[in-house]
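All remarks here apply to the structure that follows.
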Amino acid sequence: MKLSEYSTNKTEEIKELFTKVFSDSEGESEGLLIGKLVHQLMTGTSDQDLYGFTAVENEKILGSIFFSKLTFESGVNAFLLSPVAVDTKYQRKGVGQKLIDFGLNQLKEDGVGLVFTYGDIKFYSKVGFSIIAEEVVKAPFTLSYPEGWLGQSLVSDEVESIVGDSSCVEAFSDPKLW
């Protein structure tokens, strides 16, 4: 399996992966929503505000992840890990964890200090994320499931409190996603 930055000439294939994976697990409407979100991320987010990675084997994309810029009033260099998709046939084989570790290492090399995500505590804790209270770091929008707000520092042992509001890239600027 080869891990690398995503290729813009694979935009449609990556969108289809996310659509299928989320349709299989959450239903067709969620699959279409996440497929559209990923397409918006890839086509409407500036290069300096987006990292995307894929896991490929035999020219087939097995998984993909994205990190998009989170902007804080304090100027902290932070990104949001979301979404993550691994082909249903390859789930529970470590593909997602390897992709996330690979991505986090790339961000760290580029000087990113903090990464946040909004999701499954059990899964993301395996790759170094821990629960972050909204009083410590405020999410861009009100969270439907506040216990799913997670973060990790790439430069120290813990996520320090960040004063002020945060904002996300345009693709995530829909309160319904939060």
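One residue stands out among those in the stretch 47-76 that are more than 18 Å from Glu170 (Cα to Cα) and of a type in the set (Val, Ile, Thr): the one that is modelled with the lowest pLDDT, which is Val76. Reported count of residues in the stretch 129-178, each being without any contact (Cβ under 8 Å) to a residue 40 or more places away in the chain, among the aromatic types (Phe, Trp, Tyr) and either touching a Lys or Arg at 6+ places or on another chain (Cβ under 6 Å) or outside any loop (DSSP other than H, G, I, E, B) (or both), is 1. Which residues, counting only those in the stretch 128-172, are surrounded by fewer than 19 Cβ atoms within 10 Å (Cβ to Cβ) and among the β-branched types (Val, Ile, Thr)? Answer for the stretch 128-172, where residues must be surrounded by fewer than 19 Cβ atoms within 10 Å (Cβ to Cβ) and among the β-branched types (Val, Ile, Thr): Ile131, Val136, Thr142, Val155, Val163.
Applying the condition of being in contact with a helix residue (DSSP H, G or I) (Cβ under 8 Å, 6 or more places away or on another chain) and in a loop (DSSP other than H, G, I, E, B) to the stretch 93-124 and asking which residue is farthest from Tyr145 (Cα to Cα) yields Asp120.
The values are calculated or read from the model by the stated rules, or taken from the named source; none is laboratory data. Please read these numbers as outputs of a predicted model, since none were measured by experiment. Neighbour counts run over all protein chains shown; Cβ positions are idealised from the backbone, glycine included.
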